[in-house]
Amino acid sequence: MQLLQERRRLVLSGGGEKKIAEQHQKGKLTARERIDLLLDEGSFVELGTFVQGGLDDAGNLDIKNPGEGVVAGSGTIDGRRVYLFAQDFTVAGGSLGEAHARKICRVLDLAGQNGVPVIGLNDSGGARIQEGVCALNGYGEIFYRNMLYSGVVPQISVIMGPCAGGAAYSPALTDFVFMIKQKSHMFITGPQVIKAATGESITMEELGGAVTHNSTSGVAHFLAASEEEGLKQVRALLGYLPPNNLDDPPLAAPRDPELDGEELLGIIPGDSDKPYDVREVIRRVVDGSDFFEVHAHYARNAVVGFARLTGMAVGIVANQPRVKAGCLDIDASDKIARFVRFCDAFNLPLVTLVDVPGFLPGVEQEWGGIIRHGAKILYAYAEATVPKITLVLRKAYGGAYIAMGSRALGADLCLAWPSAEIAVMGPEAAVQIIHRRELESAAEPEKLQRELAQGYRRRFANPYIAAARGWIEEVIDPRQTREYLCRAMGMVSQKRVQRPPRKHGNIPL
Ligand code: HXC
């Protein structure tokens, strides 16, 4: 009994008082403090408390690294079960050795086998240098399980300190990555190695800080100002997600939007090129006006996130006319495709709001592979068998119209506002092609172009041509958007689809 108490005390104290004080001085919490903040009070059950790597020379267990630098276990968040691990920087810098990896693999297996989300709180110096290939193999075992349970249970990573080298690939294999400003850093090679290899000088924060990965690389999906805020965001995210791919997302009590739906009538500026914030539309439509945006700082010409309609959780995808006129580019394509695939894997119906002038023109985009990246959106929407509801707000031009959850790609219900312009291209570009000769010989070409564009808009770019063929189910009064979307959810939420058997498709990566 005494040995049990002593050993437990040793593990609970992690790297000891001095290391804990150092962690606090850096403005960081310890692994156990983080777990307490994340989970419902008193719900944590620790697993593998006495796991220990290595024997000393006399064959005794070598306990110089109490807990092996990671705390693992299970608990609840808002009463719903999760598995988790939290790397303990106070023990050997949270570095990952063989036993450390075994503890993580154990919670990944238990989460996968029980159909429960798994959360990793990362704070680690990477592969434990003294354990050499055993540490590397440990990472491999984790990566394998990240893949194995991908699409089976939601996997969430919170980066709360360093996450360097190949270690960064485990979070990258999970569904969502949270980062904390000034506190978390992710990179494959750090500033010193980069300096030596390429001569570039850069700080750790600029290279792999939370802002960089949220806004520039897209590696991270959420940016938090503090650890507390980050962990609160994790709890909020889980509120929208089912525990696994066989369950439905949790239902909530339906709530009316707080913002006035009547205002939707005037939300789109009369001039079809004027920008507006599509989130103003979303917030006037969804329950409680609550929109939980994902990847908010990355590829801002697209907006994705979670919300509720009549209490049912949905994934929302929208073009953002305020940024790059809402064009789809390489980064927006990756962002949308990944989100659509997540929603499809976890039974979250998709609601798509379309206002897109097309794929972004430019040599950089073409050479960067906009064809390959844009194809991901087409693939993801066509592949998704969850209920898909699409609403065209304004522009829906060319390939981008088809890509954004069109009927042809399997949308269950497509709606349009009267302001919808569904056409092969925008009026200005179109008249220049089909009326080139007339424009060349016109006395006042600009005036003629304006008139022709207006005629084109009336004849070719309205929602009724698509509606006549049934590709748009209904043209609706913007003020009735919520009502229609809620009814649509009721109509298609029981959808079941069988696809031809295959090992897996080959999404263009
Ligand atoms: C063993 C490590 C360690 C590691 C840190 N420590 N990283 N021990 N293996 N990888 C130990 C330190 O020796 C120190 O021990 C304690 O943890 C705290 O580290 P400090 O350096 O004092 O802390 P700090 O100044 O905050 O710096 C943190 C750090 C730095 C930036 C993470 O420690 C660092 O650069 N570590 C190495 C990072 C790295 O290159 N890792 C390998 C990445 S490659 P004492 O005894 O003094 O308390 C990789 C491959 C994965 O991970 C491949 C997957 C396939």
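Worth a mention:
- Ordering 190-203, 23-36 by mean Cβ neighbour count within 10 Å, with the highest value first, yields 23-36, 190-203.
- Taking 7 Å steps out from each Cα toward its Cβ at Glu206 and Met491 produces label points 5.4 nm apart.
- Förster-model FRET efficiency, 60 Å R0, Leu509 and Gln2, C-beta, rounded to 0.05: 0.60
- Gyration tensor verdict on the chain (Cα atoms; rounded if a/c is under 1.5, prolate if a/b is larger than b/c, oblate otherwise): prolate
- From least to most packed, judged by other beta carbons within 10 angstrom and beginning with the fewest, Glu383, Glu262 follow the order Glu262, Glu383.
- Pairs from Lys232/Lys495; Lys195/Lys376; Lys183/Lys274; Lys181/Lys274; Lys103/Lys232; Lys19/Lys335 whose Cα-Cα separation, in the structure shown, is over 29 Å: Lys232/Lys495; Lys195/Lys376; Lys183/Lys274; Lys181/Lys274; Lys19/Lys335
- Separation of alpha-carbon centers, region 251-279 and region 1-39, rounded to whole Å: 48
- Straightening the chain between Leu448 and Asp256 buys 64.4 nm, computed as 0.36 nm per residue apart minus the Cα-Cα spacing.
- Whole-number percent relative contact order across the chain, with pairs defined as alpha carbons under 8 Å at least 6 apart: 8
- Principal-axis tilt of helix 2-12 within the chain, Cα atoms, nearest 10 degrees: 40
- Using C-alpha pairs below 8 Å separated by at least 6 residues, the relative contact order for region 290-354 is 32 percent.
- Farthest toward positive dipole pole in the chain [+1 Lys/Arg, -1 Asp/Glu at C-beta], among Phe306, Phe359, Ala72: Phe359
- Label-point separation, Leu12 to Ser217 (7 Å along Cα→Cβ), nm: 3.8
- With R₀ set to 25 Å, the beta-carbon distance separating Arg469 from Arg502 gives a calculated FRET efficiency near 0.20.
- Prolate/oblate/rounded label for region 120-191 (Cα gyration tensor, a/c 1.5): oblate
- To the nearest ten degrees, helix 370-383 and the longest principal axis of the Cα atoms of the chain are 90 degrees apart.
- Prolate/oblate/rounded call for region 381-428, Cα gyration tensor, a/c under 1.5 rounded: oblate
- Under 20 Å from the Ile371 label point (7 Å along Cα→beta-carbon), backbone N, region 308-340: 328-334
- Between helix 330-345 and the chain there is an angle of about 70 degrees, using the helix long axis and the longest principal axis of the Cα atoms.
- Sites Gln130 and Thr76, calculated FRET efficiency, Cβ-Cβ separation with R0 45 Å, nearest 0.05: 0.80
- Net charge contributed by nearby residues that have their C-beta within less than 12 Å of Arg145 (K/R +1, D/E -1): 0
- Between region 372-390 and region 405-460, the C-alpha centres lie 26 angstrom from each other.
- Relative contact order, percent, region 25-155 [alpha-carbon distance under 8 Å, six or more residues apart]: 22
- Proximal charge balance of Gly455 [Cβ under 14 Å; K/R count +1, D/E count -1]: +1
Any read-out appearing in this document is the output of simple, stated calculations on the displayed coordinates, not a laboratory observation. Predicted model, so just to flag it, every value in this text is computed and none were measured. FYI the Cβ positions are ideal-geometry reconstructions off the backbone, even for glycines, and counts take in every protein chain you see.
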